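The structure appears below as structure tokens.
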Amino acid sequence: MGLPDTVWAFETNPENMTKDDIKQVVLDIIADIAPDESLAAVKPEVRLRDQLSLDSMDFLDIVMELRKKHGIEVPEADYVQLASLDSCANYLLPKFQAKGK
Amino acid sequence: MASGHLMGERQMSSKPRIVITGLGLTAPNGNSLSEFRANLLAGKARIAVIDVRHMGQHPAGVCDFDTTKWQKRKELRIGTRVGSISIFCSREALGDSGLDWDKVDKSRVGVYLGITEHGNVETENEIHNISQFGNDTKYWTHHHNPRTVANNPAGEVTMNMGITGPHYTIGAACAAGNAGLIQAAQMLQLGEVDIAFAGGVSESIHTFGIFAGFKNQGALGAHGDPTKASRPFDKNRNGIVISEGGAIYVLERLDDALARGARIIAEIAGWCINSDATDAVLPNPERQSECVRMALKRAGMKPQDIHIVSTHATATALGDIQECTALRNVFTDCPDTKINNTKSFIGHCMGAAGALELAGNLPSFEDNWVHPTINIDELDPECAMPGLVINQPIKVARVDTILNNSFGMLGINSALIVKKYGVA
């Protein structure tokens, strides 16, 4: 449907992405949507909302940026899967890998 | 005179007196009153050339205030440009007012901001955004509605400053700057609030629609030198230079201001808003004259009592002549009345215009200088008026009163009179 090429550009072939790559993708998005936050000490197993100043609109921004930058769709029923970096990686890895196939 | 007029005058004189005790602004040529004023007296216009989406390069007044002085970067990302302008001006006004903010009852503070329009910028941005994704609306931002509700600029101020009293915007086309101040004065007189942040704001340079609308109306200004593009009253004027900006004042009842030992910048003396009821874009000088006369009457003044008339003129072919006609009708035999124009320096700041233009003249109460209207190479004979200050500032014996005109589309006229505090 005429999407720009940049939307589909991955630094790593999506098929070969690791969970750490996924966590970095999410952190890069958070860096843009919460620019006042320090992300250096984010704990992957802890809920993002418990360690960063993020509200529901911010999580919608994460969903939107996954859609716009990476062509990844997160249905509303699955938003809970974005709670922590670890859960993001577990949930998103197969979606990214599927993009590479 | 109709009895209703007499009643209006009596009611105004019996109401609490309202004063200005703080001011914050951002204009294309200044981010503080002192900087703005210095450039007005030095004849320094500041107009940039910007790329307007779909339209190429056009002159525009661009503000360069420090957006992160009072906002976090996340606030800036989520909010609007006009919200940012409003927060900057309000915070600066608060600092200027000397209010002890920690001790102020925030539920007794109101925010009343005049706007010409709101939402065009954000809507155009999203239309452009989804155009990059095949016009699929699932890429439309969920921030769209809070960004485009009409109260957005005032609401952003309340969130940034913790104000829990009323907030809203006053949509009044290009009369909005005056309308914001008038609304605030009325709310203070009614006792709805104790402190008001009021004025006008605009982000209009970020919407191509306004540029295109004026261009296709034959009313968009242009010149090889952008600083000369806005030239009200000049014979070769060719239209409006669109600008962004804001000016927000702290208003209080006089008794409250005196009780806290506030510095009183000026007193609101009188005002009027009326309607042409004739044409959507063509001004009506008869209604404009009536507006000015009613403001004078409510202030208990005669035309001869006005020392500065701050004109609205936007440099359109007919609009300038119409205002001059209106002013000549009122200000006959007024040797002490000087007339100037601020859009010649900063373009047309739309919702902020009236509030900024008043601000630029307020220091005259202290220094007795009157800034000119600049960029007049050849005065249009149809715009000639006794007292028009052309190209160079002049020093006068005294400035006690300013009448600030702001007019807008759909035939809305506003005239606001302020006076130096302590002058009878």
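The values are calculated or read from the model by the stated rules, or taken from the named source; none is laboratory data. Here the structure is a predicted model, which is why all the values come from computation and not from measurement. Note that we place each Cβ from the backbone using ideal geometry, even for glycine, and neighbour counts take in every protein chain shown.
Odds and ends about this structure:
Listed here are the residues, each with its yes/no results for (1) out of contact with any Asp or Glu (no Cβ under 7 Å at 6 or more places or on another chain); (2) within 26 Å of B:Lys235 (Cβ to Cβ); (3) crowded, with 20+ Cβ neighbours inside 10 Å.
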{"site": "B:Pro381", "(1), (2), (3)": "yes, yes, no"}
{"site": "B:Val396", "(1), (2), (3)": "yes, no, no"}
{"site": "B:Ala415", "(1), (2), (3)": "yes, no, yes"}
{"site": "B:Lys419", "(1), (2), (3)": "no, no, yes"}
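- Among the candidates B:Ile248, B:Ile210, the residue that is outside the structural domain of B:Asp320 (by TED's automatic domain parsing), farther than 30 Å from B:Ile321 by Cβ and not aromatic (Phe, Trp, Tyr) is uniquely B:Ile248.
- Single match in B:Leu410, B:Leu379 (criterion: within 21 Å of the chain's Cα centre (by Cα) and not hydroxyl-bearing (Ser, Thr, Tyr)): B:Leu410
- Candidate set from segment B:26-56 (those that are hydroxyl-bearing (Ser, Thr, Tyr) and not in a loop (DSSP other than H, G, I, E, B)); member that is farthest from the other protein chains (Cβ to nearest Cβ): B:Ser34
- From the options B:Ser131, B:Ser86, B:Ser90, residue that is within 14 Å of chain A (Cβ to nearest Cβ) and polar (S, T, N, Q): B:Ser131
- Segments classed as helices (runs of 4 or more DSSP H), wholly inside segment B:144-226, with at least 3 members that are of a type outside the set (Val, Ile, Thr) and touching a strand residue (DSSP E or B) at 6+ places or on another chain (Cβ under 8 Å): B:152-161, B:176-190, B:208-216
- Identity of the residue in segment A:17-37, closer than 14 Å to A:Leu82 by Cα and in contact (Cβ under 8 Å) with a residue 24 or more places away in the chain, that ends up farthest from the other protein chains (Cβ to nearest Cβ): A:Lys19
- Residue within segment B:103-126 that is loosely packed, with under 15 Cβ neighbours inside 10 Å, of a type outside the set (D, E, K, R), without any contact (Cβ under 8 Å) to a residue 24 or more places away in the chain and in the same structural domain as B:Thr26 (by TED's automatic domain parsing) present: no
- Any hit, segment B:268-284, residues being farther than 16 Å from B:Ala175 by Cβ and charged (D, E, K, R): no
- Inter-residue pairs, beta-carbon under 6 Å, first more than 21 Å from B:Gly411 (Cα to Cα) and in segment B:278-306, second in a loop (DSSP other than H, G, I, E, B) and of a type outside the set (A, V, I, L, M), 6+ apart: B:Pro303/B:Phe331; B:Pro303/B:Cys334; B:Gln304/B:Cys334; B:Ile306/B:Thr337
- Pairs with Cβ under 6 Å, 6+ apart, first in segment B:57-81 and part of a strand (DSSP E or B), second polar (S, T, N, Q): B:Gly61/B:Ser243
- Residue in segment A:77-94 that is assigned to a loop (DSSP other than H, G, I, E, B) and more than 11 Å from the chain's Cα centre (by Cα) present: no
- Among residues of segment A:75-95 that are over 15 Å from A:Glu45 (Cβ atoms), those with a Cβ under 6 angstrom from a residue that is modelled with pLDDT of 95 or more and surrounded by 14 or more Cβ atoms within 10 Å (Cβ to Cβ), sequence gap 6+ or separate chain, pair up as A:Leu92/A:Ile22; A:Leu93/A:Lys19; A:Leu93/A:Ile22; A:Lys95/A:Ile72.
- Boolean, B:Leu99 is away from every other protein chain (no Cβ under 14 Å), touching a residue at least 40 places away in the same chain (Cβ under 8 Å), in a loop (DSSP other than H, G, I, E, B) and within 24 Å of B:Gly30 (Cβ to Cβ): yes
- If you go through segment A:38-76 and keep only what is within 13 Å of chain B (Cβ to nearest Cβ), part of a loop (DSSP other than H, G, I, E, B) and small (Gly, Ala, Ser), you end up with A:Ser38, A:Ser53, A:Gly71.
- Criterion applied to B:Thr158, B:Thr169, B:Thr137, B:Thr141 was being over 19 Å from the mean Cα position of the chain (by Cα) and more than 14 Å from every other protein chain (Cβ to nearest Cβ), and the one residue passing it is B:Thr158.
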